[in-house]
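K.L.:
A single structure is presented below for examination.
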Amino acid sequence: MKWEWLPFAELTAKQAYDMLQLRETVFHLEQRSMNNDLDNIDIQAKHLLGFDNETLIAYLRVYLENDVLYIGRIIIDKEYRGAGMGRMMVDKTVEKLQKCYPGFPICVRAQYAQQYFYQKLHFMAQGEPFDDAGVSYVKMLHVPVG
């Protein structure tokens, strides 16, 4: 497993293509999401790409919005799910963000159905669920442990 943490400008054309292809496969084809995946956030985000050999199998992005760090677009290829990779990715990302951006709140906009996953990673729901293109989401804030 190889990990790369890159700003958008440093992604190769192949990495950008693979990232968008994986997001389309998971969000549009598997989940049938009608959300616009190309939302102009990618350009200012940092991207974590996880490769098995040369195949992109895991991905997330981090961006700053109104002095809050957001972790989003968290994806594990279907064939690699269930092995704890998502949990490990989020844990490592939170650790990195706390070190590089001390004091900044860290949030996710979680699909409501995935709320329990994020609770196990020390995120707490903030506010009421909201609808985005027919999918229920909830904003969740990371609460440091200890």
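K.L.:
Can we say ILE74 is closer than 27 Å to GLN21 by Cβ, open to solvent by less than 80 Å² (accessible area, probe 1.4 Å) and within 14 Å of the chain's Cα centre (by Cα)?
P.N.:
yes
K.L.:
For region 20-34, state whether one or more residues are in contact (Cβ under 8 Å) with a residue 60 or more places away in the chain, touching a helix residue (DSSP H, G or I) at 6+ places or on another chain (Cβ under 7 Å) and open to solvent by less than 80 Å² (accessible area, probe 1.4 Å).
P.N.:
Within region 20-34, one or more residues are in contact (Cβ under 8 Å) with a residue 60 or more places away in the chain, touching a helix residue (DSSP H, G or I) at 6+ places or on another chain (Cβ under 7 Å) and open to solvent by less than 80 Å² (accessible area, probe 1.4 Å).
K.L.:
A further question on this structure: May I ask you to list the residues in region 108-128 that are over 19 Å from LEU97 (Cβ atoms) and hydroxyl-bearing (Ser, Thr, Tyr)?
P.N.:
TYR112, TYR116
K.L.:
Inside region 5-23, can you point out the residues that are touching an Asp or Glu at 6+ places or on another chain (Cβ under 8 Å) and closer than 13 Å to GLU54 by Cβ?
P.N.:
GLN15
K.L.:
Output the residues belonging to region 104-146 that are in a strand (DSSP E or B), farther than 16 Å from PHE27 by Cβ and among the β-branched types (Val, Ile, Thr).
P.N.:
Hits for region 104-146 are ILE106, VAL138.
K.L.:
Are there any pairs with C-beta distances below 6 angstrom linking a residue in region 92-110 that is among the basic types (Lys, Arg) to a residue that is open to solvent by less than 80 Å² (accessible area, probe 1.4 Å) and at pLDDT below 95, with the two at least 6 apart or on different chains, and if so which?
P.N.:
ARG109/TYR137
The values are calculated or read from the model by the stated rules, or taken from the named source; none is laboratory data. Every value quoted in this text rests on a predicted model; they were computed, and no experiment measured them. Reconstructed Cβ throughout: ideal geometry from the backbone, glycine too, with neighbour counts over all protein chains shown. Only protein heavy atoms, including side chains, enter the accessible area calculation; ligands, DNA and RNA are left aside. Shrake-Rupley method; radii C 1.70, N 1.55, O 1.52, S 1.80 Å.
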